[in-house]
Every structure is written in C-alpha cells, then in structure tokens.
C-alpha cells in the first residue's frame, strides 16, 4: 500500500513539474504572443483588409452594372398624363418600372491601372505590417533579455549572500581560536546585511522586468509568467563584430527590411497615380441598355366602350375648296364613355427598350485633370523622399548597431580580464584570511571588488548578446536565443 502511495506521489510530482515546464515561455513564444495580440498589429491587419477590399472593388469595375428603379406617386391639380403626355386637371396615381445596365468599354486605362495600384498597395500594407511585427519582436527581445539579466543578477546576489554567511561561520571559528578579534564578526554581519539588501533589490528588478514584459505581451499583471531560464548567456562562438562592415550589413538590410520594400512599392503606386490622373484627359466609351414601362390612372381604353353615346352633326360651315365656295358638316359623338385601361395592359402597352453607346470627351473641366496630374507627380516626389528618409534612418541604425556590437565586445573582454585578475587576488586574500594573515577588512574589500566585477561582467555579457541580436536582425535573421 505504501508503495502505491509513494508511486502516486512521485507521479503527481512529475506531472506538476511537467505542467510547470509547459508554462515556461521561450523568447519565440513571447514574440509570437505579442505579435498576435498587439493592438498595433490588429490595426495593421485592418489596413491590409482595407487594401484587399479596395483591390476587389477595383477589379469589380470591369463588370457591367445593373440597376432597377420602381416609382409610384399621386398627382393633384393640372398635371401631365405620363401615358398620353397631355395636360389634365384631375388627380391621378402613377407607377413605373425601369431596368438599366451599363458597361465601360474604355476609360483611358483607369480601371487597369487602378487594379495594378491596389495590388501594389496591398503588398505595401503587408510590408508595413511586417515592419510593425519586427519592431514588436525587437522590443520583446529587449524585455526578455532584461528579465534574464535580472534573474542572473538575483542568482549572483543570492550566491554572494550564501558565501558571506559561510564566511561568517569561518570567522566565528577563527574568533574562537583567538586568531582574529571579535570586531571582525561585526564587519561580516554588516556585509551580510548589504548582501541581503542586494537580494531584495534584485528581486524587485526581476519583478519590474516581468511587469515590463507582461505589458508588451498584453498580459495581466497577476498572470503567472515564467520564461525559459538559461544555464549561461548564449554568446555565439563565431561572433566577431570586428568583421562587421557597414556596406555588407546595410546592403543586406536594404534587401530584407520590410519598411524599405514598402517604400519602393509606394513609389510604384504613386507612378500609377499619374497614369490614373492622365486617363481623365482621354475619352471614355461605354455601352448602355434600358427597359422601362409605366402605368397611370384615368387612362381610357378605346377598345372597352361602356356607353356608345349618340352621333350628331355639327352646324354647316362655309369653306372654300380649290377656289370654289362650299359648306361642310362633321359628325360628333356625344356621351361616349370608355373604361380605364387595366394595370397589366398598360404595362404591356408602355413596355419599351433602348440600347446604345455613349462617348464622353473631356474638353474643359476647370483644369481639374491637370491639377490631378500635378498632384500625382508631387505624390511620386513625396514617396521618393519618404523612401530616402527610411534608407538614411536604416543606415544610421545599422551603423549604430555595428558600433554598439564592437564596443560591447571590447567591454566584455575587459570585464572578463578584470574578473580573472580580481578572482585571483580574492583567492589569495581568502587563503591568507583563513590562515589569519589577513584581516576582515582586507577580505571583504577583495570580495566586494570581485562581486562588482562579476556584476559588470554579467551586464557586459547580456549587453553584448543583445547587440549581436540587433545586428542579426538587420541581416534578416530570426530573433532567437537558440543559436
């Protein structure tokens, strides 16, 4: 029974450890989460969708248009009969149906160029979205490495505290042996208090680092976030900033940075703006067709006689026919009553169709087209200036990244040499202290110098790692800590 209980306990502990391991976030997971949940990225996605809709709309311009109109109304007083086109002083209702179609045959290439432009705009919007994703990746990487640095500093502070506590035990033994005075214990206790303060300060730095990272990931402050810890700062062995050249890295950056690609696409789009504006100076040709029918009340039906009425002769009238005097009289129907023409009969009677071709020739439009062309040309210049600004900014960023990487490497080498020298001095002082040949002040001074040097070394290593990742980014490499 005890074996089963023990096995179950071990299994639960293993499962708990696996769950904890699954909760650790790698740099890649943090970057992916930030990009997927960033509000700026969502705005960029909306921009891409809008560009896609514009492209779809421009493509649909190639399709014919078809529209239907239905009208109905009631007129009072003296109005025109819409069927007989005669004036009548009566009230009447009317109803009409119209179906019209149109198709653009030629409009100066406006539709074709608009489609090409919208396709370029979609590609440019996607490139700008990728540039935002890259910026998020850099910011997350900086925050992630800062957390790693804070945790490393915390681990070092805890180690120094343990070493000082061990040294207190050694000092107590030396005091009991009469080798060192009791006042030396107070110096060790003071050092322990300072080390404890450093542990608390570094714990606070870890909390702040996680809070900054959570803000970038859009996580709640109380979210239990744990990142993947590193046994050592992964400095690439083949990294040599002295081999970096501005021409090489800047050339690669021009090829892979999306902001440059977006600028080039915007220039192409601006050139098409000129072509679209010029289409306003050319004739446009279109095809149209129309089907219509109407109905109105109070329209007599000559085929449906309700009352024949009577026929009478008008009084004779004297006229002259071919120069000879004569008299004539006319028959006149009085009292005849006709039924109204039925609704569907009128729709059938008034059913009509028309087709045709229209040509619109621009002659003078208050210089509107010329001004549009000039604006389009200014748009090209503006796009070119924007691209040049992006290139200059990129060049300066690359140059700064190379200089920072070289400086960080030199700082790291100097910090490593300092640690090596101070560790040797510390070991010598420690041996002398253990033998009672060195006092506590000398020992704590040597230890503090080594601790400060190790802090500087840790800072230098993480700074160097980050600077290398920045240069990798400009070379088009994925931001990761696994290489």
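The values are calculated or read from the model by the stated rules, or taken from the named source; none is laboratory data. Because the structure is predicted, anything quoted here is derived from the model rather than measured. Virtual Cβ from ideal backbone geometry, glycine too; neighbours counted across all protein chains shown.
Things worth noting here:
- Flag for residue 144 being farther than 30 Å from residue 436 by Cβ, in contact (Cβ under 8 Å) with a residue 24 or more places away in the chain and not assigned by TED's automatic domain parsing to the domain that holds residue 43: no
- Residues of region 183-200 classified as under 42 Å from the mean Cα position of the chain (by Cα) and touching a residue at least 12 places away in the same chain (Cβ under 8 Å), total: 1
- Residue match in region 351-370 (condition: surrounded by 14 or more Cβ atoms within 10 Å (Cβ to Cβ) and within 25 Å of residue 471 (Cβ to Cβ)): no
- Verdict on residue 79 being at pLDDT below 90, surrounded by fewer than 13 Cβ atoms within 10 Å (Cβ to Cβ) and over 44 Å from the mean Cα position of the chain (by Cα): no
- The listed residue being surrounded by fewer than 17 Cβ atoms within 10 Å (Cβ to Cβ) and over 30 Å from residue 441 (Cα atoms), out of 221, 181: 221
- Residue check for residue 242: assigned by TED's automatic domain parsing to the domain that holds residue 145 and in contact with a helix residue (DSSP H, G or I) (Cβ under 9 Å, 6 or more places away or on another chain): yes
- Qualifying residue in region 340-350 (condition: part of a strand (DSSP E or B), modelled with pLDDT under 95 and either surrounded by 13 or more Cβ atoms within 10 Å (Cβ to Cβ) or touching a strand residue (DSSP E or B) at 6+ places or on another chain (Cβ under 9 Å) (or both)): yes
- Candidates 71, 32, 65, filtered to the one that is over 30 Å from residue 140 (Cα atoms), surrounded by 12 or more Cβ atoms within 10 Å (Cβ to Cβ) and free of Cβ contacts under 8 Å to residues at least 40 places away in the same chain: 65
- Among the residues of region 219-277, those identified as in contact with a strand residue (DSSP E or B) (Cβ under 9 Å, 6 or more places away or on another chain) and either at pLDDT 90 or above or outside any loop (DSSP other than H, G, I, E, B) (or both) are 225, 226, 227.
- Annotation: residue 435 fulfils all but one of (1) surrounded by fewer than 14 Cβ atoms within 10 Å (Cβ to Cβ); (2) more than 49 Å from the chain's Cα centre (by Cα); (3) not assigned by TED's automatic domain parsing to the domain that holds residue 178; the unmet one is (3).
- With respect to (1) surrounded by 11 or more Cβ atoms within 10 Å (Cβ to Cβ); (2) at pLDDT 80 or above; (3) over 25 Å from residue 63 (Cα atoms), the lone exception for residue 309 is condition (2).
- Residue check, residue 315 part of a loop (DSSP other than H, G, I, E, B) and either over 30 Å from residue 107 (Cβ atoms) or touching a strand residue (DSSP E or B) at 6+ places or on another chain (Cβ under 8 Å) (or both): yes
- Test: residue in region 269-292 that is touching a residue at least 40 places away in the same chain (Cβ under 8 Å), in contact with a helix residue (DSSP H, G or I) (Cβ under 7 Å, 6 or more places away or on another chain) and closer than 25 Å to residue 72 by Cα: no
- Failed item, numbered, when residue 472 is tested on (1) at pLDDT 90 or above; (2) closer than 30 Å to residue 28 by Cβ; (3) surrounded by fewer than 20 Cβ atoms within 10 Å (Cβ to Cβ); (4) touching a helix residue (DSSP H, G or I) at 6+ places or on another chain (Cβ under 6 Å): (4)
- A single entry from 421, 408, 396 fulfils the requirement of being touching a helix residue (DSSP H, G or I) at 6+ places or on another chain (Cβ under 8 Å), assigned by TED's automatic domain parsing to the domain that holds residue 141 and part of a helix (DSSP H, G or I): 408.
- Within region 88-108, the set of residues being surrounded by 10 or more Cβ atoms within 10 Å (Cβ to Cβ) and over 27 Å from residue 356 (Cα atoms) comprises 88, 90, 91, 92, 93, 94.
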